[in-house]
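Rule-based calculations on the coordinates, nothing more; no lab input. This is a predicted model, so every value here is computed, not measured. Neighbour counts run over all protein chains shown; Cβ positions are idealised from the backbone, glycine included.
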Amino acid sequence: MSGVLDGIRVLDFGRFIAGPFCGMLLGDMGAEVIRIDRLGGSEDRHLVPVAETGEGPLFLALNRNKRSLTLNPTKPEGREIVRQLVKTADVVIANLPQPTLESMGIDYESLKAIKEDIILTTVTAYGNGGPYSERVGFDGVAQALGGATYHGGRPGDPMKSFVPFADFGTASLAAFGTMSALYERQKTGQGQLVEAALTRTVMAYNIALLGETAVTGIGRPAYGNRGYSSGPSDAFKTKDGGVMVQIIGPAMFKRWADLMGEEHWLTDPRYADDMARGENGEALSERMGEWCKDKTTKEVLDALDEARIPCGPILSAKQTLEDPHIKAMDFLQEMAYPGMDTPAAVSTTPVKLSKTPGTIRERTATLGEHTDAILGDLGYDAAAIADLREKRIV
């Protein structure tokens, strides 16, 4: 089956999550992706090692469908290899600071001088042009700056999201921007610079709260798991675990009030609409908590499901892997890797297309696995490659 991006070549200089996940999405959709690795392996390769050679589960998941070329692009011979590769490429991905891009010769102006219609996709923490642009930053820092950490915790106890949504969200938007730029290039023949930023993503995702504050000046406190614009919307303990419940709109609230035996709340002005229920959500959560505490998770979920109220169990990673729905769906796929007795669990392409779906065609490459083949395609013979190795260029 052909992929949407068959024939597109991507050079992936990405590290950690935001760059590699963008490259992974493009690779799943059929692009040929070449990951440019450091000679000894980049830092993200060895986070939480599970493989015999030190690769971690995040690295294994985000770097499938990619070829691996080890390269030192800061040396003249390395920069020449970059130039030769760029001539053959359509897209370059890099989540590196602007000075680093320039030192490696992969800033947009340098790339454009090599190949006029090249697309450069960059990911930074803060975006370019502001007073923080030269600072380094990771997902948690962007969550904090964008207001998500303050409001995601409880009063006096800020809490970032355990799942790095700024990284993954920015990578997804970077892939969206890259595909938009490729579509534009089809029409005009022109490449462009695609810029994504972790803080920009957090601001976009947190716009409901930021927008309200900008208009009304309301300084909302932290709510923990409780929603502020509807209710009851919270996490609740059961006899053997916990559940998350989210109720929005009058019809849902009526079904919940009937289930609780609190029909009189339907005419109580404190719960007249979603915003009122959010403002008075503490009382609603207290009532729901009392109802849940003497029931098992299954009993709670069965009753709420029968009432058509959105709910779900609060699961650990191990429980998630054992959940019958997760097992029945194609959310995960096993991927064998050299030196691992147990295959790695990797997420499948997180969006489905009915005619041209994303596919996992190749396992994550070992370090430098395709170096000789890629250099050979560029015209380097065995002696030249051996010389580059001797000089620690590849």
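The figures follow:
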| read-out | value |
| --- | --- |
| Value of relative contact order over the chain, rounded to a whole percent, pairs C-alpha under 8 Å and six or more apart | 20 |
| Cα gyration tensor, region 305-363 - rounded (a/c under 1.5), prolate or oblate | oblate |
| Cα centroid separation - region 83-153 against region 271-307, whole Å | 44 |
| Taking N as its residue count, the alpha carbon Rg of region 1-53 over 2.2 N^0.38 Å | 1.27 |
| Calculated [θ] (222 nm, deg cm²/dmol) that DSSP helices of n ≥ 4 give over the chain, each run adding -39,500 (n - 2.57) | -12000 deg cm²/dmol |
| Relative contact order %, region 208-334, counting alpha carbon pairs below 8 Å whose residues are six or more apart | 29 |
| Relative contact order, percent, region 10-100 [alpha-carbon distance under 8 Å, six or more residues apart] | 39 |
| Summed residue charge, Cβ within 9 Å of Leu71's Cβ, Lys/Arg positive, Asp/Glu negative | 0 |
| Built amide H within the under 5 Å cut-off of Ile119, gap 5+ | Val91, Val92, Gln192 |
| Two-site label geometry, Thr88 and Glu334: point separation in nm, points 7 Å out along Cα→Cβ | 3.5 |
| Cα gyration tensor category, rounded, prolate or oblate, for region 5-145 with a/c compared to 1.5 | rounded |
| Equivalent ellipsoid semi-axes, the chain, via Cα gyration tensor eigenvalues times 5, rooted, Å | 47, 24, 18 |
| Cα shape, region 95-182, gyration tensor, a/c 1.5 rule | prolate |
